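Below is one structure, written out as structure tokens, with a few remarks after it.
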Amino acid sequence: MFSGFKEVREEEKSQMVGKVFSNVASNYDLMNDFMSGGLHRLWKDRLVSKLSPFPGMKHLDVAGGTGDVAFRILESVNSIKRRALQDPLNDDLQEETRIYVCDINPNMLDVGKNRALEKGLGEDKSLVWVQGDAEALSFEDNSMDGYTIAFGIRNVTHIEKVLSEAYRVLKRGGRFLCLELSHVDIPVFKELYDFYSFSVIPRLGEIVAGDRESYQYLVESIRRFPPQEKFASMIADAGFQKVEYENLVGGVVAIHSGLKI
Amino acid sequence: MYRTVVNRILLTKNTGGGRRCLLRFPDLRTAVTSSRFSTTTEPQTSPNRPLNPADSSTSSSSTSFQTSSGAGDIPRQERKNPPAEYQGEQARVLQASLRHVLRLGWSEEAMIAGAKEVGISPSIVGSFPRKEAALVEFFMDDCLQRLIDRIDSGEELQDLIPSQRIYKLVRFRLEMQAPYISKWPQALSIQAHPLNVSTSFKQRAMLVDEIWHAAGDEASGLDWYVKRTVLGGVYSTTEIYMLTDSSPEFRDTWLFLDNRVKDAFDLKKTIQEATYLAEAVGAGMGSSLQGFVGKVIQR
């Protein structure tokens, strides 16, 4: 099977991914800013607003090592506006919010934990950092209100397994949201994007992170990932209903969502 | 919304006096800047259903697509209950949310409380495209359905003259809003929001159409629009009057409504009077202006 454009055996893919992310962990956030021109922050904001978090929610963010999405969800739940509108009979719900950040790579989780400390969230028991594999989650069936995976699903070996695990852990009414780099079809823009991906990004990786290969892998893995409609039908196959996707920046990024009923 | 109108037309053609039903569908309209794909999976009756591009849906940029899933087939057949359609569950959540509206307003909080009551994760609230608007629109559809049921079952309407029929129907419809009157201004402001205006306008247009239809209206052409606009005006002004009415059982509102309906039916006479007035003014102003005024009145 292919991984990036280098031919790689299945067992080796997860090892290779592990190596890539151990290498990039410390510069991950910086490189994200460079590659997307800071846009990744807006994309994550959009993901969280689509999620519509609420106090008392149990949420699982997979492959979210450095905590970007988790922090946004926590901020949304704790925001003043939310608290002002809250149901007065359920004031203590705020305490019950739990956001589990699951990542297979301990280095990424460490970066996330440090960022939490910097934000002053070190003692906050709403954030739980868990090391785990997206294809075999350690959480119980029907235990999560929400599941997000941002820029993580193209790195897994078996997408179907991740989707069915997501379906398993979600409660009835729970939502699955996936933010991922996707396919661009708009004529001229597509060529520009290809040029940017194959010529600019690996070079940036070399200069900023000192690691050309990892970013070459990144760019190739995006092309290998199924296009929007195919991925949407895979999500539907896992049992989700109301599967939709929204293209951002003409298809450079897509947010897929599904509902478990 | 289009689908409900289409269904109504189809159903009224098929069953003359039978019970008509509005099918409620979630609004699949999409925002201008994003393109969407939506698929609904249904309980599998035959394992080898071929891929059909399904009926074209309301919006030009979203398509409905039924898939017979290969890998997902077997596990789904093994499950004891076929997965409920999500629209049904959404409707249940909205129905339950209505009970919390008085306490929490037409808001996400009411919908979260409704979802908890039904036993579904409140995350489902995020799947409604315009959240509070979905709740208000559901209520409006529900009221319209109740009105239609009342029209279909009520025989006493036949004995009344049109203006009285309209009075009764508008009153019946507004009474449905009476329990929520303290939070109704919020609902109105949600309906007036630019994103929601087109849907609420359509719902009101359907409501007004339904009432005129029940009052035995056979107008066509310009008359049709005039009648609906006039009734729309009567309905809206009464609705707003009701917001500040504190008389027992809204007595003052019904009096107001009665007067407005009478005025509306006198409108024909009013237009005639306005014509005479214009002619008189024209006569007083001299022949050149008379010619101009004559053209305006279209003698």
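The values are calculated or read from the model by the stated rules, or taken from the named source; none is laboratory data. What you see is a predicted model; the values in this text were computed from it and never measured. Cβ: placed from backbone, ideal geometry, glycine included. Neighbour counts: every protein chain shown. These area figures cover heavy atoms from the full protein model, side chains too; ligands, DNA and RNA do not enter into them. Shrake-Rupley method; radii C 1.70, N 1.55, O 1.52, S 1.80 Å.
So what does A:S199 come to for accessible area, using a 1.4 Å probe and Å² rounded to 10?
The value for A:S199 is about 60 Å².
Quick one: P(r) of the range B:162-299 from all Cα-Cα pairs, 10 Å bins, percents rounded to integers, in order of increasing distance.
So the P(r) values, bin by bin, are 10, 32, 27, 18, 11, 2.
Let me know the shape class of chain A, please: from the alpha-carbon gyration tensor, a ≥ b ≥ c as square roots of the eigenvalues, rounded when a/c is under 1.5, otherwise prolate if a/b is greater than b/c, or oblate.
Prolate is the answer for chain A, as a/c is 1.5 or above and a/b outweighs b/c.
Give, rounded to the nearest 20 debye, the magnitude of the charge dipole that chain A has about its Cα centre when Lys and Arg contribute +1 at Cβ and Asp and Glu contribute -1 at Cβ.
Computed about the Cα centre, the dipole is about 400 debye.
Of all the stretches in chain A, which is the longest one without any exposed loop site, taking GluC sites (Glu not before Pro) in a DSSP loop (any state but H, G, I, E, B) with at most 14 other Cβ atoms within 10 Å?
Maximal segment without exposed cleavage sites: A:1-122.
Which ³J(HN,Hα) values in Hz, rounded to whole numbers, follow from the phi angles of the range B:276-282 under the Karplus curve 6.51 cos²θ - 1.76 cosθ + 1.60, where θ = phi - 60° and Gly and Pro get x?
These are the phi-based 3J(HN,Hα) values: 4, 4, 4, 5, 4, 4, x Hz.
Provide the gained length on full extension for the span B:S198 to B:N259, in nm with one decimal, where the gain is 0.36 nm per separating residue minus the Cα-Cα distance.
Gain on extension, B:S198 to B:N259, equals 19.0 nm.
Note down the relative contact order for chain A as a percent, whole number, built from C-alpha pairs under 8 angstrom at least six residues apart.
Taking the mean separation of contacting Cα pairs over the length of chain A, I get 22 percent.
Scan around A:W129 for amide H atoms under 5 Å from its own, H built in the peptide plane at 1.01 Å from N, and keep only partners 5 or more places away or cross-chain.
Here A:V101 satisfy the definition.
Roughly speaking, what is the stretch gain from A:F189 to A:V130, that is 0.36 nm per residue apart minus the C-alpha to C-alpha distance, in nm to one decimal?
Gain in length upon complete extension: 17.3 nm.
Scanning chain A for trypsin sites (Lys or Arg not before Pro) in DSSP loops with at most 16 other Cβ atoms within 10 Å, what's the longest stretch left with none?
A:126-261
Only helical DSSP H runs with n ≥ 4 go in: add -39500 (n - 2.57) per run for chain A, normalise by residue count and round the 222 nm mean residue ellipticity to 500 deg cm²/dmol.
Calculated from helices alone, the mean residue ellipticity at 222 nm is -13000 deg cm²/dmol.
Using the Karplus curve 6.51 cos²θ - 1.76 cosθ + 1.60 with θ = phi - 60°, work out ³J(HN,Hα) for each residue of the range B:133-148 in order, rounded to whole Hz, and write x for Gly and Pro.
Each residue of the range B:133-148 in turn: 4, 4, 5, 4, 5, 4, 4, 4, 4, 4, 5, 4, 4, 5, 5, 4 Hz.
Any idea how far apart B:T229 and A:H158 come out in nm if each label point goes 7 Å out from Cα toward Cβ?
Reported label-point gap for B:T229 and A:H158 is 6.6 nm.
Calculate one ³J(HN,Hα) per residue across the range A:183-192 by plugging θ = phi - 60° into the Karplus curve 6.51 cos²θ - 1.76 cosθ + 1.60, and present them in order as whole Hz with x for glycine and proline.
Whole-Hz 3J(HN,Hα) from phi for the range A:183-192: 9, 9, 10, 5, x, 6, 4, 4, 5, 4.
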